[in-house]
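What follows is one structure encoded as structure tokens, with my remarks underneath.
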Amino acid sequence: MPGAPPAGIPVPPDGRLEPAALDRLGTVPLGIYVHVPFCATRCGYCDFNTYTAAELGGGGSRDSYAGLAVEEVRLARRVLGAAAPPVSTVFFGGGTPTLLPPGDLARILGAIEAEFGLAAGAEVTTEANPDSVDLRSLARLREAGFTRISLGMQSSAEHVLRVLDRSHTPGRPRQAVAWARSAGFAQVSLDLIYGTPGESAADWERSVRSAIDAGPDHVSAYALIVEDGTRLAARIGRGELDPPDDDEMADRYLAADDLFTAAGLGWYEISNWAAGPGSACRHNLLYWTGANWWGAGPGAHSHVGGTRWWNVRHPAAYAGRVTAGLSPGQAGEVLTGGQRATERIMLETRLAAGCPVSALGPAGRRAAAAAVADGLAEPDAFGAGRIVLTRSGRLLADAVVRGLTG
Ligand SMILES: C[S@@+](CC[C@H](N)C(=O)[O-])C[C@H]1O[C@@H](n2cnc3c(N)ncnc32)[C@H](O)[C@@H]1O
Ligand code: SF4
């Protein structure tokens, strides 16, 4: 199970926010994230806040979940009040949101629309395991107002999928993309993972090509993280599997970047590529640019005007709080100006649009000049007042960002 969230200040029982947090509410885009904490089986590498039926053990059921999420959406409306703008983006993530019947997802989306309204052209995404959708369910989601599907593909190599404990066949993601297109989805994304033990360079290249051939307009490619407490970590610990190798990871990243770029998918965030600006995930951009979002559901995090809070993690605890008419918020924190400035640098430096040099302090500016001299940041962008990572810079992003925030 994942670790406990950081301690913080208690959230009031009615979820009320300090007036200062609501100051600029109407002028900043608002997104809503809905966490759906259920999976059919748990993949051995995953430590997300998600539960199989066996793990739930009768506490917090899938059947009652939509009603609880609707209650939290109503709470959000009460807390944010009349100044809340229509919602620009909605993102159902998990877990596996598509384990719920499409009617449940439609009901939650309907409540968001009824309480807040959706901005013109709002982006409405759901994540999906390729095994958990078919043409019919995708058509129902499209009818309900979903505009974007993000499918977990991970790999096209059968032996890699087996190490990851994925339930789908190598061909299923491609089929799911085709169904999504037939159902009328203009925006379809695939997630890939590289660096799985036993994955060769050729396996990875085939996976990337197969993802491109499926015809998504967006891809995310993540380096495998060996999370403590997972089955994968235990297998590596016992010596059954090799741990990921940093140099190989870097090679895999560059190979993917070459193939995606050649296929017309350009990077816009270190782990994300899109067919054009209209294909970028606007909801994730809202996180990365410090906008406001309300996260509904067990363990979901929210941020409004510099106040951040997180919900109780277990679905049974969440159900108990929401059913009693209480905020499910477990704890929160008010970010200082310095913390907000540091977070901005950390997030915006990962974007192809980069981070303004004006956001850096004196030590950060010196580090930025050094990054340019070392070939890690683009000289032209620096001349124009922005830090934009080069390809080598993307590989060393964490170290560059540490310097910039120093
Ligand atoms: C919530 S899942 C996507 C939807 C669905 N649950 C699925 O897995 O098909 C989000 C994504 O996070 C990524 N992910 C999860 N755990 C990871 C880990 N330990 N290392 C790298 N990527 C991970 C996977 O690529 C996964 O597709
Ligand atoms: S299906 Fe997705 S959320 Fe569920 S365990 Fe696997 S990677 Fe994690």
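FYI, it's all coordinate maths here, none of it is from the lab. Just so it is clear, the model here is predicted, and its values are computed rather than measured. Cβ: placed from backbone, ideal geometry, glycine included. Neighbour counts: every protein chain shown.
Hey, can you tell me all the residues within region 41-59 that are within 9 Å of ligand 2 (Cβ to nearest atom), of a type in the set (A, V, I, L, M, F, W, C) and within 21 Å of residue 317 (Cα to Cα)?
Listed by number, the list holds a single entry, 48.
Can you tell me which residue within region 110-137, out of those that are assigned to a loop (DSSP other than H, G, I, E, B) and within 11 Å of ligand 1 (Cβ to nearest atom), is nearest to the chain's Cα centre (by Cα)? Let's see the steps before the verdict.
Start the filter on region 110-137 by keeping residues that are assigned to a loop (DSSP other than H, G, I, E, B), which leaves 117, 129, 133-134.
Among the residues that remain, those that are also within 11 Å of ligand 1 (Cβ to nearest atom) are: 129, 133.
On the way: 129: 14, 133: 20 Å.
This residue is 129.
How many residues, within region 50-60, are more than 10 Å from ligand 1 (Cβ to nearest atom), in contact (Cβ under 8 Å) with a residue 40 or more places away in the chain and of a type outside the set (A, V, I, L, M, F, W, C)? Reasoning before the result, please.
Looking only at region 50-60, we keep the residues that are more than 10 Å from ligand 1 (Cβ to nearest atom), and these are 51-60.
Now restrict to residues that are in contact (Cβ under 8 Å) with a residue 40 or more places away in the chain: 51, 56, 59-60.
Going one step further and asking which of them are of a type outside the set (A, V, I, L, M, F, W, C), we end up with 51, 59-60.
The qualifying residues number 3.
When residues of region 142-161 are filtered for being more than 16 Å from ligand 2 (Cβ to nearest atom), buried (at least 21 other Cβ atoms within 10 Å of the Cβ) and either within 29 Å of residue 26 (Cα to Cα) or without any contact (Cβ under 8 Å) to a residue 12 or more places away in the chain (or both), how many remain?
Here the count works out to 2.
Just to confirm my filter: which helices (runs of 4 or more DSSP H) fall fully inside region 1-109 and include at least 1 residues that are more than 17 Å from residue 309 (Cα to Cα) and aliphatic (A, V, I, L, M)?
Details: elements: 19-22, 53-56, 65-80.
Once the helices (runs of 4 or more DSSP H) in region 1-109 are filtered for at least 1 residues that are more than 17 Å from residue 309 (Cα to Cα) and aliphatic (A, V, I, L, M), what remains is 53-56, 65-80.
Taking interchain pairs and intrachain pairs at least six residues apart, which have beta carbon atoms under 7 angstrom, with the first residue in region 119-131 and in contact (Cβ under 8 Å) with a residue 40 or more places away in the chain and among the hydroxyl-bearing types (Ser, Thr, Tyr) and the second assigned to a helix (DSSP H, G or I) and away from ligand 2 (no atom under 16 Å from the Cβ)?
As it stands, the answer is 125/283, since those pairs meet every condition given.
Could you figure out which of (1) under 22 Å from residue 188 (Cβ atoms); (2) surrounded by fewer than 18 Cβ atoms within 10 Å (Cβ to Cβ) isn't true of residue 85?
Evaluating residue 85 over (1) under 22 Å from residue 188 (Cβ atoms); (2) surrounded by fewer than 18 Cβ atoms within 10 Å (Cβ to Cβ) leaves (1) as the failure.
Can you tell me which residues in region 272-316 are assigned to a helix (DSSP H, G or I) and either crowded, with 18+ Cβ neighbours inside 10 Å or touching a residue at least 60 places away in the same chain (Cβ under 8 Å) (or both)?
We begin by selecting, within region 272-316, every residue assigned to a helix (DSSP H, G or I); these are 277-279, 282-288, 315-316.
Scanning region 272-316 gives 279, 282, 283, 284, 285, 286, 287, 288, 315, 316.
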